[in-house]
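Quick notes on the structure that follows.
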Amino acid sequence: MHLVVNGVEEEIRSDALTSLLRVLREELHITSPKAGCEQGGCGACTVLVDGEPRRACLTPLAAVEGSEITTLEGLSDGVNLAPIQQAFYDKYASQCGFCSPGMMMASTALLTSTPGASREQIMEALEGHICRCTGYVKIIDAVESVANGSAGAASNGAVAQGGSR
Amino acid sequence: MKHRGRGLAAIEYPTGMNQGGDPSQAWVKIKPDGRVDVFAGTVDLGQGSKTVHTQIVADTLGVPYETVNMDVSNTDSSPLCTGTFASRGTFIGGLAVLKAAKKAKEKMLEIAGQAMEIAPADLDVEDGVVFVKGSPDKKMTVGEVSAAATWGFGELITGTGAHLKAYSMPDPDTGVCDPDHAISYAACVVDVEVDDETGTVTVLSMVQAYDVGHAINPTLVEGQIEGGAMMGLGLGLLEASYPHYPSTEGRGGEFGAYLMPGLPDFPEITSVIVENPSADGPFGAKAIGEMANNAQGPAICAAIHDAVGVWVPQQPATPERVLRALHAKATGAGEPRRDGKTVIFDEDVSVMTLADESSVFRDVIGV
Amino acid sequence: MKAVGARLPRYDGLAHVTGRTQYVADWSAPGMLACKGLRSPHHSARIVSIDTSRAEAHPGVRGVVTCKDIPKNVVGHLEALGVPADEPYFADGEVRYKGQLIAGVAAIDEATATAALDLIDVVYEERTPFLDIRKAFDPDAPKITEKGNVFFYDPYDHRKVTKGDVDAAFEKADVIVKGSYRPSAIEQAPIEPQGCLVVPESDGRLTVYTCTQAMYFTMGVLAEHLQRTPGSLKLVGGTVGGGFGGKVDSASEPCAALLALKTRKPVRWIFTREEEMLCGSVRASWHVEMADAISKDGWLLGRKVLTLHDAGAYTRFSSYGATKHSFHLAGAYTVPALRTRAYVVWSNHVPTTAMRGFGVTSASFAIEMQMTRGAHVLGMDPWEYRLKNANRPGDLMPTRKVLEDPSTIDTIQACAKAVGHPLSATYAEMKNEGRSGEWLPDHLRDQAADAKLGDPQGAAR
């Protein structure tokens, strides 16, 4: 089977019924989509399939054969952050960060289809995503800042000297 | 019909593991180019300890925040931290990194003093520059000092720190004990709307004020207040590992079966940070992490009573429980029993009514 | 520029928003095996026999471990603080909760490991579970341990706080308000499930990639179970996808480590969400009965509390939690007379552990319900009832610790201002200062002397 993942053609060896989440994480070592529940209940595994947000944990490989898959790794050009990433950074929309990739991918899909999305539309789009840390306040603020154009410009990726260890 | 109500709760919470005996340690070294490496053990669960500790080190050492590396990644390089719980990360973990940074600063000024031929007591550090007090044009950068240490004096600029509150055993009869450091406080006001036909309680707004002593990073404090608000909403209205406790029936094994607070439940959340500094916390800080979900539940129950006149002395206040309380009220069965000056609520669940060996408990709670 | 007090960006912010933050499940090692755990389907049962031979023979299975394989099965989390160890890591002879770990399997992939669990033959003799902790002393209740269902806080079977003269307070009171409060067990439910990856290194050490909230704590517990030196273990972590108290129990590391040692291969065990919810430890259920003695002008004169804490099948941190609870039963208020007794009761529920607010969450729920009810019964504004009894600098906590910088008054006044709640002048202008004048009634005059009073009924109860 083959997929196009973040613009790269990939020949996939996993079984046809393997979840897209496991294909990404375990075969391709793309780890931003997270296994929060593998029951479709939390949204942490959300990726874009041909631009549409999908729960990768519930999506068998066979169902997306040949599709274009976009993960968080594919949003940035490697130097500059995408606007949604910059907004999450600036608005402190991540605490532990585990739900963040799914939140950002779902938000990206919304903002692509509905560029000036209202606060209500944002909340509806993210209704199926659970965050246990932030209380959602700064997540909604971040997405709203991109939707209403008040977010800071995407900047050089080296906005902070710190990094994960 | 829908009814609105408001409820208040005020709480307090200690800092550090109860009864003490929970050390945190840290060590700091400065690279030859002046970058600072901190090795601490406080695990970051998302609350932001890496950030807060870096801020503490930056100001204690006098270097820019961006020049500090915070490494909590493994137990070979990091010394001991008892753990991230009991609201000890900012206070106890913070004191450990602060003390380590202070020691490193002393060493740095000692080296700078040698290099500049000035007594260390006449030197200070700010924004990565060591300067002579009163003559700030006489200076060396931290990088130059560290290079001098490395290549000139054969020294390493480092500092270690640790904080431990001695373990305190309580008196078994009285409970006399010295169990903790500073005490944090909070108050929470909740506005709800109760549907008296479905029992559904909707939280419209939460206003919360937290005394955190001193907010090392105010945005991270807000993060705890906001996160705690939703978790508290969950405790108050939604979450139950045993929905029919003490029965084990109906346990939810997935999100959706176990109800988590989400955007459909999202109220208006307003946060106020109060600063009543602690005597001995780092920069006067107290704590917030653990207490952040304690006030909302009882505030919601108070608001339910304000709205529809019933008490739900359980968590969560599910629609079923609210409806049962409304039904009891309608039939007159919901009133507490009055016995002289004593007003007794919730007799149906009390051990005085239920437990066979209630004499053991009667001495304790008989009224 | 000062860093402290500034809204500086998160240290790990860039890593989080680019998806580069590495959590425990993002680590992998060549030749890594998958671990799954066999768990009890019964709340309470004797184990008659365990036969792992069919599982061990299954193609793709590389190792199976049970209680007979672990060098030290019973290790107490708080043994160093005098809390007796009572919990076997692998069930040995009995199971005390549904979900209790009985065996671990390491296999070439998760599907194989899961299939192998069905090939472990366990024969059980079911027993009646004990589930209602209010019946802790009921002679007919099933016994969790030979000695009964209640933890022993030497020399009593409960944690006591006794301060001042509670009987006099209740005698003097104009109103007594009593309620029974039952906050629920809940899940910590961080979005990241717990787990670990254990890698045997060429120098004989084990590297343990873990999402524990407490690296050295887990190191110590693991070293004890394996009967190795702590120095032979290297824990890697420090970056966790939410914890809230649910990642302190070191639940996965011993099994994965044993299998790593047995197979000489890296072994990864990440809990499923179902495992997290149904088998992982929870916040305790509590039963708190509280009686407040109140004067007609709204002074809280004294309080009696009976607390029953559902520890679940084993103690873990429950004795600590119930002690912490006890120390905070006055809440944000100054209560000069207290008689509180907290019982830690074992049951056949899942063992309970730390969860945000540990012990004090249940105290706060009961206290605040009592304060709201007390104000209601008195006909007093619930804000002013709280402010009247608020902690002030110099007041004593239940432990007789002196409060230096309490903020009941500041935080309630801040909320009143934020929502526009009208306080009468006395309370709107109230200052957060030590007691004097109208804020120093007779019954609070001698708090220091109260500290010297023990239990007027003597040591018996």
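The values are calculated or read from the model by the stated rules, or taken from the named source; none is laboratory data. It should be emphasised that the depicted structure is a prediction, and the values quoted were computed from it without experimental measurement. Note: ideal-geometry Cβ built from the backbone for every residue, glycine included; neighbour counts use all protein chains shown.
So which of B:THR202, B:THR198, B:THR160 is of a type in the set (Ser, Thr, Tyr), modelled with pLDDT of 95 or more, more than 22 Å from the chain's Cα centre (by Cα) and not in a strand (DSSP E or B)? Talk me through it step by step, then tell me what you get.
Details: B:THR202 fails: not in a strand (DSSP E or B); B:THR160 fails: not in a strand (DSSP E or B).
Within the list B:THR202, B:THR198, B:THR160, the selection yields B:THR198.
Condition test on A:VAL47, is it in a strand (DSSP E or B), among the hydrophobic types (A, V, I, L, M, F, W, C), surrounded by fewer than 22 Cβ atoms within 10 Å (Cβ to Cβ) and modelled with pLDDT of 95 or more?
Working: in a strand (DSSP E or B): yes; among the hydrophobic types (A, V, I, L, M, F, W, C): yes; surrounded by fewer than 22 Cβ atoms within 10 Å (Cβ to Cβ): no; modelled with pLDDT of 95 or more: yes.
It is false that A:VAL47 is in a strand (DSSP E or B), among the hydrophobic types (A, V, I, L, M, F, W, C), surrounded by fewer than 22 Cβ atoms within 10 Å (Cβ to Cβ) and modelled with pLDDT of 95 or more.
Determine which member of the set B:MET291, B:MET352, B:MET260 is at the interface with another protein chain (Cβ under 9 Å from one of its Cβ atoms), surrounded by fewer than 23 Cβ atoms within 10 Å (Cβ to Cβ) and in contact (Cβ under 8 Å) with a residue 24 or more places away in the chain. Please lay out each step first, then the result.
On the way: B:MET291 fails: surrounded by fewer than 23 Cβ atoms within 10 Å (Cβ to Cβ); B:MET352 fails: in contact (Cβ under 8 Å) with a residue 24 or more places away in the chain.
Matching residue, one of B:MET291, B:MET352, B:MET260: B:MET260.
Output the strands (runs of 3 or more DSSP E) that fall wholly within region C:1-72 and possess 3 or more residues being modelled with pLDDT of 95 or more and either within 14 Å of chain A (Cβ to nearest Cβ) or within 32 Å of the chain's Cα centre (by Cα) (or both), or say none. Walk me through how you get there before you give the answer.
Values: elements: C:33-39, C:45-51, C:61-65.
Correct list: C:33-39, C:45-51.
State which residue pairs qualify: first residue at pLDDT below 95 and inside region B:125-148, second residue assigned to a loop (DSSP other than H, G, I, E, B) and surrounded by 16 or more Cβ atoms within 10 Å (Cβ to Cβ) in any location, beta carbons under 9 Å apart, and separation of 6 or more residues or different chains.
Here the result reads B:LYS138/B:ILE118, each pair linking region B:125-148 to a residue that is assigned to a loop (DSSP other than H, G, I, E, B) and surrounded by 16 or more Cβ atoms within 10 Å (Cβ to Cβ).
Within region B:166-178, work out how many residues are more than 7 Å from every other protein chain (Cβ to nearest Cβ) and among the hydrophobic types (A, V, I, L, M, F, W, C).
The qualifying residues number 2.
From the residues in region C:129-162 that are facing another protein chain (nearest Cβ under 7 Å) and among the charged types (D, E, K, R), which one is nearest to B:PRO172 (Cα to Cα)?
Looking at residues that are facing another protein chain (nearest Cβ under 7 Å) and among the charged types (D, E, K, R), I get C:LYS160.
Looking only at region B:333-367, count every residue that is modelled with pLDDT of 90 or more and of a type outside the set (A, V, I, L, M) and tell me the total.
Selection size over region B:333-367: 13.
Here is a yes/no grid of residues against (1) closer than 25 Å to B:ASP127 by Cα; (2) of a type in the set (Phe, Trp, Tyr); (3) surrounded by fewer than 24 Cβ atoms within 10 Å (Cβ to Cβ):
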residue: B:THR15; (1), (2), (3): no, no, no
residue: B:GLY21; (1), (2), (3): no, no, yes
residue: B:TRP27; (1), (2), (3): yes, yes, yes
residue: B:THR60; (1), (2), (3): yes, no, no
residue: B:ILE92; (1), (2), (3): no, no, no
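Only one of C:PRO406, C:PRO422 is without any contact (Cβ under 8 Å) to a residue 12 or more places away in the chain and in a loop (DSSP other than H, G, I, E, B); which?
On the way: C:PRO406 fails: without any contact (Cβ under 8 Å) to a residue 12 or more places away in the chain.
Every option except C:PRO422 fails the conditions.
Give C:ALA375, C:ALA363 a once-over and let me know the one that is assigned to a helix (DSSP H, G or I), under 17 Å from the mean Cα position of the chain (by Cα), more than 8 Å from chain B (Cβ to nearest Cβ) and under 26 Å from C:ALA414 (Cα atoms).
Working: C:ALA375 fails: under 17 Å from the mean Cα position of the chain (by Cα).
From the options C:ALA375, C:ALA363, the qualifying one is C:ALA363.
Condition first: touching a helix residue (DSSP H, G or I) at 6+ places or on another chain (Cβ under 6 Å) and not small (Gly, Ala, Ser). Now tell me which residues in region B:277-300 satisfy that.
B:PRO277, B:PRO282, B:ILE288, B:ASN293, B:ASN294, B:GLN296, B:PRO298, B:ILE300
Which of (1) closer than 30 Å to C:PRO193 by Cα; (2) assigned to a loop (DSSP other than H, G, I, E, B) is the odd one out, the single condition B:LEU233 does not satisfy?
Among (1) closer than 30 Å to C:PRO193 by Cα; (2) assigned to a loop (DSSP other than H, G, I, E, B), the lone unmet condition for B:LEU233 is (2).
Please go through region B:178-195 and pick out each residue that is modelled with pLDDT under 95 and either on the phi > 0 side of the Ramachandran plot or more than 25 Å from the chain's Cα centre (by Cα) (or both).
Within region B:178-195, none qualify.
Filter region B:163-178 for residues that are in a loop (DSSP other than H, G, I, E, B) and under 28 Å from B:LYS29 (Cα atoms) and give the result. So that I can check it myself, show each step before the final result.
Of the residues in region B:163-178, the ones in a loop (DSSP other than H, G, I, E, B) are B:164-178.
Scanning region B:163-178 gives B:LEU164, B:LYS165, B:ALA166.
Would you mind stating whether C:ARG356 is of a type in the set (Lys, Arg), in a loop (DSSP other than H, G, I, E, B), more than 7 Å from chain B (Cβ to nearest Cβ) and in contact (Cβ under 8 Å) with a residue 40 or more places away in the chain? Please lay out each step first, then the result.
Values: of a type in the set (Lys, Arg): yes; in a loop (DSSP other than H, G, I, E, B): yes; more than 7 Å from chain B (Cβ to nearest Cβ): no; in contact (Cβ under 8 Å) with a residue 40 or more places away in the chain: yes.
The answer is no for C:ARG356.
Give region C:104-134 a look and list any residue that's out of contact with any helix residue (DSSP H, G or I) (no Cβ under 6 Å at 6 or more places or on another chain) and over 22 Å from C:GLU94 (Cα atoms), or say none.
At the first step, the residues of region C:104-134 found to be out of contact with any helix residue (DSSP H, G or I) (no Cβ under 6 Å at 6 or more places or on another chain) are C:108-115, C:117-118, C:121-133.
Scanning region C:104-134 gives C:ILE108, C:ASP109, C:GLU110, C:ALA111, C:THR112, C:ALA113, C:THR114, C:ALA115.
Which of the residues belonging to region C:91-126 are part of a loop (DSSP other than H, G, I, E, B) and crowded, with 17+ Cβ neighbours inside 10 Å? Break it down stepwise before answering.
First, pick out the residues of region C:91-126 that are part of a loop (DSSP other than H, G, I, E, B): C:91-93, C:96-100, C:108-109, C:118-120.
Residues satisfying the conditions are C:ALA91, C:ARG96, C:TYR97, C:LYS98, C:GLY99, C:GLN100, C:LEU119, C:ILE120.
Give all pairs with beta carbons closer than 7 Å in which a residue from region B:179-195 that is more than 8 Å from every other protein chain (Cβ to nearest Cβ) and in a loop (DSSP other than H, G, I, E, B) meets a residue that is buried (at least 24 other Cβ atoms within 10 Å of the Cβ) and β-branched (Val, Ile, Thr); count only pairs at least 6 apart in sequence or on separate chains.
Short answer, once both residue conditions are applied: B:HIS181/B:THR15.
If B:LEU98 satisfies all but one of (1) within 9 Å of chain C (Cβ to nearest Cβ); (2) touching a residue at least 24 places away in the same chain (Cβ under 8 Å); (3) farther than 21 Å from B:VAL132 by Cα, what's the number of the condition it fails?
With respect to (1) within 9 Å of chain C (Cβ to nearest Cβ); (2) touching a residue at least 24 places away in the same chain (Cβ under 8 Å); (3) farther than 21 Å from B:VAL132 by Cα, B:LEU98 is out only on (1).
Would you mind finding the one in C:THR263, C:THR229, C:THR272 that is in contact with a Pro (Cβ under 9 Å, 6 or more places away or on another chain), more than 14 Å from chain A (Cβ to nearest Cβ) and surrounded by fewer than 24 Cβ atoms within 10 Å (Cβ to Cβ)?
On the way: C:THR229 fails: in contact with a Pro (Cβ under 9 Å, 6 or more places away or on another chain); C:THR272 fails: more than 14 Å from chain A (Cβ to nearest Cβ).
Sole residue among the options that is in contact with a Pro (Cβ under 9 Å, 6 or more places away or on another chain), more than 14 Å from chain A (Cβ to nearest Cβ) and surrounded by fewer than 24 Cβ atoms within 10 Å (Cβ to Cβ): C:THR263.
Of all residues in region B:37-72, which are closer than 30 Å to C:VAL248 by Cα, more than 9 Å from chain A (Cβ to nearest Cβ) and β-branched (Val, Ile, Thr)?
B:VAL38, B:THR42, B:VAL43, B:VAL52, B:ILE56, B:VAL57 - these are the residues of region B:37-72 that are closer than 30 Å to C:VAL248 by Cα, more than 9 Å from chain A (Cβ to nearest Cβ) and β-branched (Val, Ile, Thr).
Any residue at all in region B:81-103 that's under 27 Å from B:GLY154 (Cβ atoms), out of contact with any Pro (no Cβ under 7 Å at 6 or more places or on another chain) and of a type in the set (Ser, Thr, Tyr)? Can you show your working first?
First pass over region B:81-103, keeping only residues under 27 Å from B:GLY154 (Cβ atoms): B:97, B:99-103.
Now drop any that are not out of contact with any Pro (no Cβ under 7 Å at 6 or more places or on another chain), which leaves B:97, B:99-103.
Checking the rest, the ones that are also of a type in the set (Ser, Thr, Tyr) come to none.
Taking every residue of region B:81-103 in turn, none turns out to be under 27 Å from B:GLY154 (Cβ atoms), out of contact with any Pro (no Cβ under 7 Å at 6 or more places or on another chain) and of a type in the set (Ser, Thr, Tyr).
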